[in-house]
Amino acid sequence: MWGGGGAARALTRALGRRRAAAAGDDHADLSFQTGLRGALQSYNWKIQLKSSSSPPVSLPEIKSSMFTVKRLFSTSHSSVDSKEMKKFQLLAHKWWDEEGEFSALHSMNDIRVPFIRDTLLNMSSNYHLGSPLAGVKILDVGCGGGLLSEPLGRLGASVTGIDPLEDNIRTADQHKSFDPVLAKRIQYKSSSLEEIVEEFMETFDVIVASEVVEHVADLETFIECCSQVLKPEGSLFITTINKTQLSYILGIVVAEKIIGIVPEGTHEWEKFVPPEELERLLEANGFSVKTVNGMLYNPLSGSWSWMESTSVNYALHAVKSGARGESSPTDALSEMEGEQPSATAGPAL
């Protein structure tokens, strides 16, 4: 493959330079481009040589080579923002402090968990007492310390939580270990969304990305990957912050600089996402947006509530288009009909 391995080795070296370039090394970026051209030229030369002196290259060789090139180019389109990772690195050990920096996320569970649960149950005619989401496979993207993964697991779902920050995953793993039921239902993985696409293609019934999209480096790539790992007719739930003057005042000036309920520097207003832009990206990737609800946080009471306006925070539910005969989250719920609910499982709230 790749002319006896020479071009493959050149391509591997180029990939190493690409990774160095992603870390901000301009010289490595130039070296990557030169190395890639060399690898491709070597490959083309070997193909020409083979065509004149030996049988044609086999189809598996061509497919394998094309896959390697595709993966090489994909490394330059990552949704992970290294600056955002540095911010959360400092807070990784504080996820489960309900009075600390993540207190607003703890209280958000009071509305986001029922929103996810009730939306899925309204799409199904079956309800399982104690484990209403039994049989549903959920991917929690940017799971942090597991604040959302755990209540979804208590509802009976099989949850996979991913986060690119290893310290977050260690915190999440340690916390779930205190509950034997959650230890069986939840698995965590230190990974970006792009890195699991190949392994989990069309695997999940539901994806949740709560307070994540305002931190990603490439939102379009992020949405594309969500579509790839979600089953046809699967549900995607997103909560995030609108890009308005009011969101700047409340989300950054007030929340971060005045009352300090969020660590200063947590958010960048330029990365906030208007619902119209998010809907456009979702529809371009085969999703149908079903619901967009406004959310309001009261810093005095420390509680969240639903509101009509989406000018600050909002929650969105979208469904991926499906092919006839494909399973859906409601099918997963239906398959569990007649099974006994777990005696140790309780409500999320």
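The values are calculated or read from the model by the stated rules, or taken from the named source; none is laboratory data. Just so we're clear, the structure is a prediction, and the values are computed from it rather than from any experiment. In this analysis, Cβ positions are derived from the backbone assuming ideal geometry, glycine residues included, and neighbour counts consider all displayed protein chains. For the accessible areas, the whole protein counts, side chains as well, though only heavy atoms, and no ligand, DNA or RNA atoms are used. Shrake-Rupley method; radii C 1.70, N 1.55, O 1.52, S 1.80 Å.
Looking at the structure I just gave you, is residue 268 of a type in the set (D, E, K, R) and more than 21 Å from the chain's Cα centre (by Cα)?
No: the conditions fail for residue 268.
Just checking, how many residues over the range 111-167 are within 22 Å of residue 294 (Cα to Cα) and acidic (Asp, Glu)?
2
Could you list, in sequence order, the residues of the range 124-170 that are β-branched (Val, Ile, Thr) and in contact with a Pro (Cβ under 6 Å, 6 or more places away or on another chain)?
Hit for the range 124-170 is 136, nothing else.
Can you tell me which residue is least open to solvent (accessible area, probe 1.4 Å) among those in the range 289-324 that are in a strand (DSSP E or B) and of a type in the set (D, E, K, R)?
Across the range 289-324, the extreme among qualifying residues is 320.
I'd like the full set of residues that are open to solvent by 30 Å² or more (accessible area, probe 1.4 Å) and of a type in the set (Lys, Arg), limited to the range 153-188.
Selection gives 154, 170, 184, 185.
Take the residues in the range 225-238 that are in contact (Cβ under 8 Å) with a residue 40 or more places away in the chain and either among the aromatic types (Phe, Trp, Tyr) or out of contact with any Ser or Thr (no Cβ under 9 Å at 6 or more places or on another chain) (or both), then tell me which one is farthest from residue 142 (Cα to Cα).
So the residue we want is 227.
Give me the pairs: first residue in the range 287-300 and under 16 Å from residue 239 (Cα atoms), second residue open to solvent by 60 Å² or more (accessible area, probe 1.4 Å) and part of a loop (DSSP other than H, G, I, E, B), beta-carbon distance under 6 Å, and six or more apart or on different chains, which are they?
294/308
Could you please give the count of residues in the range 260-283 that are at pLDDT 80 or above and either outside any helix (DSSP H, G or I) or closer than 22 Å to residue 317 by Cα (or both)?
Matching residues across the range 260-283 total 14.
Here are 212, 206: which of them is within 27 Å of residue 272 (Cα to Cα), open to solvent by 10 Å² or more (accessible area, probe 1.4 Å) and in contact with a strand residue (DSSP E or B) (Cβ under 9 Å, 6 or more places away or on another chain)?
Unique residue meeting the criteria: 212.
Could you count how many residues in the range 90-99 are modelled with pLDDT under 90, open to solvent by less than 60 Å² (accessible area, probe 1.4 Å) and in a loop (DSSP other than H, G, I, E, B)?
Residues that pass the stated criteria total 1.
For the range 147-172, how many residues meet the condition of being hydrophobic (A, V, I, L, M, F, W, C) and within 16 Å of residue 137 (Cβ to Cβ)?
So the count comes out to 6.
Would you point out the residue of the range 239-266, among those that are among the charged types (D, E, K, R) and free of Cβ contacts under 8 Å to residues at least 24 places away in the same chain, that is surrounded by the most Cβ atoms within 10 Å (Cβ to Cβ)?
Per the criteria, the residue is 256.
Which fully enclosed strands (runs of 3 or more DSSP E) of the range 107-224 have 2 or more residues being more than 11 Å from the chain's Cα centre (by Cα) and at pLDDT below 95?
none
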